[in-house]
Amino acid sequence: MVTIAADTEEQEVSDFTPLTAAEAKALREQHPSLSPWWVVAGQLVVGVLVALIAWAVTESQTVGVSAACGALAVIVPAALFARGVTGQFASANAGSAVLSFFVWEMVKIFVTVGIMFAAHRLVAGLSWPAMLLGLVVTMKVYWIALGFKRKPKPGANTNA
C-alpha cells in the first residue's frame, strides 16, 4: 500500500528570513554599488584610447574617426541612460524605477542606432570594421566595471 503525504507544503522548511532595517543597512555598507557615471567615464577613456590606437596603427584619420564614432555610439546613450535612471522619477518607487529603466533602455537603443546612421551619412569613407571595433571594445567596459568593486566604508560592520 502506497501512502501519499497530504500536505507537502507543511513538510518544506523555509530558509528565508527577512532582514531588519539595521541588517539591510549593514549589508548596503558592506557591498556599496558602483555609480553608473564611473562606467560612463571608463567608456570615455576606453573609447578615446581605441580611436587613438586605430588612428596610430592604420595611419588613417578616417579609421580613427570611424572608431571614435563607434565609441560615441556607446558613450552618449550610456550617459543618457545613467542620467535617466538616477533621476528623481526613477527613485520615486519600485514601479517608476522599472518603468524608467525600460524607457531609458529604449532611448539608449534608438540613440545608438541614430549615431551609427549619422556616422554612415556624415563620415566620408567610413570604415565599418573600425566603427564596430570601437563600439564593441567600448561596450565591453560594462563587463570590466563588474570587476571594480568599491571598498566598504570605514567602520562598516563586516561580520553580518
Checklist entry - Does the range 83-90 include one or more residues that are surrounded by 11 or more Cβ atoms within 10 Å (Cβ to Cβ) and under 19 Å from HIS120 (Cβ atoms)? => result no
Item to check | From VAL111, VAL103, VAL107, VAL123, residue being β-branched (Val, Ile, Thr), without any contact (Cβ under 8 Å) to a residue 24 or more places away in the chain and surrounded by 12 or more Cβ atoms within 10 Å (Cβ to Cβ) | outcome: VAL103
Item to check | Residue list for the range 16-45, filter: more than 23 Å from ALA145 (Cα to Cα), free of Cβ contacts under 8 Å to residues at least 40 places away in the same chain and not in a loop (DSSP other than H, G, I, E, B) | outcome: ALA21, ALA22, ALA24, LYS25
Next on the checklist: Residue pairs, Cβ under 7 Å, 6 or more apart or interchain, first in the range 65-91 and closer than 15 Å to VAL39 by Cα and modelled with pLDDT under 95, second of a type in the set (Asp, Glu) and surrounded by fewer than 24 Cβ atoms within 10 Å (Cβ to Cβ). List them.
Outcome noted: PHE81/GLU105
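For the range 35-78, how many residues are of a type in the set (S, T, N, Q) and closer than 28 Å to VAL103 by Cα?
Residues in the range 35-78 being of a type in the set (S, T, N, Q) and closer than 28 Å to VAL103 by Cα: 2 in total.
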Checklist entry - Say we look at the range 13-63 and pick out the residues that are surrounded by 14 or more Cβ atoms within 10 Å (Cβ to Cβ) and of a type in the set (D, E, K, R); which of these is nearest to ALA73 (Cα to Cα)? => result GLU29
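The values are calculated or read from the model by the stated rules, or taken from the named source; none is laboratory data. Just so we're clear, the structure is a prediction, and the values are computed from it rather than from any experiment. Using ideal geometry, Cβ is built from the backbone for each residue, glycine included, and neighbour counts are taken over all protein chains shown.
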